[in-house]
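S.K.: I am attaching a structure below and will ask some questions about it afterwards.
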Amino acid sequence: MRIFRKKIDRLLDRAAELGRRDVTMPIDIFSLARAFADLPDKANTIEVTRPLLSAHENAFVRRVFFTMIRFMDIDTRRCDLDATLLAGLKDASLWVRYDAAWIITNRPASTPAIVSALQELAAAADSEEGDAVALKKQATEALASLSNSTGAP
């Protein structure tokens, strides 16, 4: 457990440094997320990082958390992530919303609130351009995934 704690503390220090940046490269987000995701105790990693990263004031750090979940091979329903995923779908950052929708696409987590948030994202993105097109596509795919997993139309 001490080794895990040292590793996670080092990664949290890197996340804190990332949180002080105004600009970053996506590779910095993805490599840090991968480092967290590769820690052996996935459930503990989520529990330790969730309060520190998922609601961080800096969107780059929030993206680290959601990208980490994307990289983990876990059932999100077993980790009690519904409230966190819903917060991600409603985040101010388009790319955090995208990452949350991606998680749901690949590991369906369905609550009425999540379905409603995905429907809002898919509809709201109709009037936007650029990066919002990727968000609309991901939200639409997540809704289709939920529909396929539940057998609903």
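The values are calculated or read from the model by the stated rules, or taken from the named source; none is laboratory data. Here the structure is a predicted model, which is why all the values come from computation and not from measurement. Virtual Cβ from ideal backbone geometry, glycine too; neighbours counted across all protein chains shown.
S.K.: Between residues in segment 111-125 that are farther than 13 Å from LEU85 by Cβ and residues that are of a type in the set (Ser, Thr, Tyr) and surrounded by fewer than 21 Cβ atoms within 10 Å (Cβ to Cβ), which pairs lie under 6 Å by C-beta distance while being six or more apart or on different chains?
M.R.: Here the result reads ALA122/THR140, each pair linking segment 111-125 to a residue that is of a type in the set (Ser, Thr, Tyr) and surrounded by fewer than 21 Cβ atoms within 10 Å (Cβ to Cβ).
S.K.: State whether the residues of segment 84-93 include one that is modelled with pLDDT of 95 or more, surrounded by fewer than 15 Cβ atoms within 10 Å (Cβ to Cβ), more than 20 Å from PHE36 (Cα to Cα) and under 12 Å from the mean Cα position of the chain (by Cα).
M.R.: Within segment 84-93, one or more residues are modelled with pLDDT of 95 or more, surrounded by fewer than 15 Cβ atoms within 10 Å (Cβ to Cβ), more than 20 Å from PHE36 (Cα to Cα) and under 12 Å from the mean Cα position of the chain (by Cα).
S.K.: Would you check which residues across segment 84-108 are under 18 Å from LEU52 (Cα atoms), small (Gly, Ala, Ser) and either in a helix (DSSP H, G or I) or touching an Asp or Glu at 6+ places or on another chain (Cβ under 7 Å) (or both) and list them?
M.R.: Answer for segment 84-108, where residues must be under 18 Å from LEU52 (Cα atoms), small (Gly, Ala, Ser) and either in a helix (DSSP H, G or I) or touching an Asp or Glu at 6+ places or on another chain (Cβ under 7 Å) (or both): ALA87, GLY88, ALA100.
S.K.: Can you confirm whether ASP9 is exposed (fewer than 15 other Cβ atoms within 10 Å of the Cβ) and without any contact (Cβ under 8 Å) to a residue 24 or more places away in the chain?
M.R.: In short, yes.
S.K.: Within segment 29-46, identify whether any single residue is of a type in the set (Phe, Trp, Tyr), out of contact with any Cys (no Cβ under 6 Å at 6 or more places or on another chain) and over 21 Å from ALA134 (Cα atoms), and answer yes or no.
M.R.: Yes, segment 29-46 contains a residue that is of a type in the set (Phe, Trp, Tyr), out of contact with any Cys (no Cβ under 6 Å at 6 or more places or on another chain) and over 21 Å from ALA134 (Cα atoms).
S.K.: Counting just the residues of segment 23-44 that are crowded, with 23+ Cβ neighbours inside 10 Å and not aromatic (Phe, Trp, Tyr), which one comes out nearest to THR105 (Cα to Cα)?
M.R.: Within segment 23-44, the first condition is being crowded, with 23+ Cβ neighbours inside 10 Å, and the residues that meet it are 29, 32-33, 36.
Then keep just the ones that are not aromatic (Phe, Trp, Tyr); that gives 29, 32-33.
Details: ILE29: 20, LEU32: 22, ALA33: 18 Å.
Among those that are crowded, with 23+ Cβ neighbours inside 10 Å and not aromatic (Phe, Trp, Tyr), it is ALA33.
S.K.: Considering each of ARG21, ARG62 in turn, give the residue that is at pLDDT 95 or above, part of a loop (DSSP other than H, G, I, E, B) and outside the structural domain of SER93 (by TED's automatic domain parsing).
M.R.: The match here is ARG21.
S.K.: It is to be established whether one or more residues within segment 20-37 are of a type in the set (Asp, Glu), free of Cβ contacts under 8 Å to residues at least 60 places away in the same chain, closer than 17 Å to THR76 by Cβ and out of contact with any His (no Cβ under 6 Å at 6 or more places or on another chain). Before you say what the answer is, go through the steps one by one.
M.R.: Quick first cut of segment 20-37, residues of a type in the set (Asp, Glu) only: 22, 28.
Adding the requirement that they be free of Cβ contacts under 8 Å to residues at least 60 places away in the same chain leaves 22, 28.
Next, only the ones that are closer than 17 Å to THR76 by Cβ stay: none.
Checking segment 20-37: not a single residue is of a type in the set (Asp, Glu), free of Cβ contacts under 8 Å to residues at least 60 places away in the same chain, closer than 17 Å to THR76 by Cβ and out of contact with any His (no Cβ under 6 Å at 6 or more places or on another chain).
S.K.: Quick one: in segment 67-83, of everything that is among the aliphatic types (A, V, I, L, M) and assigned to a loop (DSSP other than H, G, I, E, B), which residue is modelled with the lowest pLDDT?
M.R.: Of everything passing the filter in segment 67-83, ILE74 is modelled with the lowest pLDDT.
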